[in-house]
Amino acid sequence: MALWARQVSRWFPLLPAAHVAGFAGRPWARSTTAQARPGFAPLALLPSSYEVFPWRVQTCRHVSVGSCSSSDCAKDDSKLPSPVKQEQAKPETLPDLNAKILYEDWDDIPPSSALAQISEEEAVQIIAEPLLPLQSSTLRDYVDHSETLAKLVHLGVDLSQVERRPKAGQLLLTLDFEKDIRKILLFLKDVGLEDSQLGPFLTKNPYILAEDLEALETRVAYLKSKKFGEAEIAQMVSRAPYLLLFSVERLDNRLAFFKNELGFSVKKTKDLVIRLPRLLTGKLEPVKENLQVCQIELGFQRNEIREIVFKTPKILTASKKRLRQTFDYLHNIMGIPHHMLTRFPQVFNSKLLRIKERHMFLRFLGRAQYDPAQPSYISLDQLVSLPDEVFCTQIAKTSIQDFEKFLKTL
């Protein structure tokens, strides 16, 4: 029973002496104590259900039990083990604590239940955040939840265009602006792009945001090693946004292809790709096919093709059908020889309808003369490049109203 008394004293060390004395006089307390050790008084006993802990705790006192006198108790105390005598001889003084601190020591306050009722004032203060869609076909649903997308929009990126590109939307949602995107933007500015060009550039090529920065710097270093100037590289990157996605090996193979296939010098090859940098990023099959069309079907010599391509690089990527139709009208109907077409290859970039309308109007006026050896000669450049008003007054020697009336008769 002594062990039980010690445990009770540990559980309820703060019980005042008055409560202990009251319990000691009860029969069940005397009988229990007597069975355990005659004359032994426990430090604390359990209170009844109607008794509570006091607000302020006092130092416990030693009380006698039953008819035991103080002298008897002293004799009994001499028989107790020394630890018990020390504990009784030097009672511990406890600090003053209030009930709130006691409750915090015993256990944390349980969290409020989700089913607990709240007042109307508390209810109106609750702000429900909109749920982030698990799946969406547009990036617009994620802009309010993504700092990265919001900053890209502020930069000028058109997300409606980006989301049309395969897996580009998923890519942007996985990137962090400060960690992943800022370094790419600083790199593009170092290349030479202006702030106003960054948004349109990323709209066309969002995939560069996933590229390794060191690889991008290596590709720019390669172009500089080929004697491309900084302004030329900036122009090429802005006009061909996918240029820096290609490895150094691919860029080197492309430059070698155009140099060898067309027989250009290094300087002319550089000039060709500066004016049309898409030649370095596009497929080579259409280029090879157009070269064959010019040589086999249209009948141009190799040196003529070289001159045409150098003056008008777009002919390498033009539609083969359009190329055939334009040549057929110029050569077979208008009678323009190959050497004249070689001198003015810009005519292949013009709309065929524009060529037809102006040639028919000149023929109606009797001024369709394209031979430089004859009087009233009209060059092909003047035929297709001048605005309608200038063409009518300087070339056709008539008014634009007459030209418009003629077009209505067609």
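Observations, loosely collected:
- Any hit, the stretch 241-249, residues being among the aliphatic types (A, V, I, L, M) and either in a loop (DSSP other than H, G, I, E, B) or exposed (fewer than 13 other Cβ atoms within 10 Å of the Cβ) (or both): no
- Selection count, the stretch 386-410, where residues are of a type in the set (A, V, I, L, M), exposed (fewer than 15 other Cβ atoms within 10 Å of the Cβ) and in a loop (DSSP other than H, G, I, E, B): 1
- Candidates S196, S265: the one that is hydroxyl-bearing (S, T, Y), touching a Lys or Arg at 6+ places or on another chain (Cβ under 9 Å), surrounded by fewer than 17 Cβ atoms within 10 Å (Cβ to Cβ) and outside the structural domain of F300 (by the TED database) is S265.
- Subset of the stretch 269-288 [in a helix (DSSP H, G or I), touching a helix residue (DSSP H, G or I) at 6+ places or on another chain (Cβ under 6 Å) and touching a residue at least 24 places away in the same chain (Cβ under 8 Å)]: L272, V273, I274, R275, P277, L279, L280, V287
- Which listed residue is hydrophobic (A, V, I, L, M, F, W, C) and either free of Cβ contacts under 8 Å to residues at least 24 places away in the same chain or on the phi > 0 side of the Ramachandran plot (or both), from A234, A221, A240: A221
- Scanning the stretch 178-214 for residues that are more than 17 Å from V153 (Cα to Cα) and not hydrophobic (A, V, I, L, M, F, W, C) gives K179, K183, K189, D190, G192, E211, D212, E214.
- For beta carbons closer than 7 Å, sequence separation of 6+ or different chains, a first residue in the stretch 306-334 that is closer than 27 Å to A368 by Cα and part of a helix (DSSP H, G or I) and a second that is of a type in the set (S, T, N, Q) and at pLDDT 95 or above, the qualifying pairs are E307/T342; I308/T342; I315/N290; L323/N290.
The rows are residues; the columns are (1) open to solvent by less than 10 Å² (accessible area, probe 1.4 Å); (2) assigned by the TED database to the domain that holds K259; (3) under 29 Å from R278 (Cβ atoms).
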| residue | (1), (2), (3) |
| --- | --- |
| P313 | no, no, yes |
| L323 | yes, no, yes |
| E357 | no, no, no |
| G366 | no, no, no |
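- Looking across L330, L362, L383, one residue alone is under 23 Å from E289 (Cβ atoms) and either surrounded by 14 or more Cβ atoms within 10 Å (Cβ to Cβ) or among the aromatic types (F, W, Y) (or both). It is L330.
The values are calculated or read from the model by the stated rules, or taken from the named source; none is laboratory data. Note that the structure is a prediction, hence the values are computed from the model and not measured. Reconstructed Cβ throughout: ideal geometry from the backbone, glycine too, with neighbour counts over all protein chains shown. Surface areas here come from the heavy atoms of the whole protein model, side chains and all, with no ligands, DNA or RNA. Shrake-Rupley method; radii C 1.70, N 1.55, O 1.52, S 1.80 Å.
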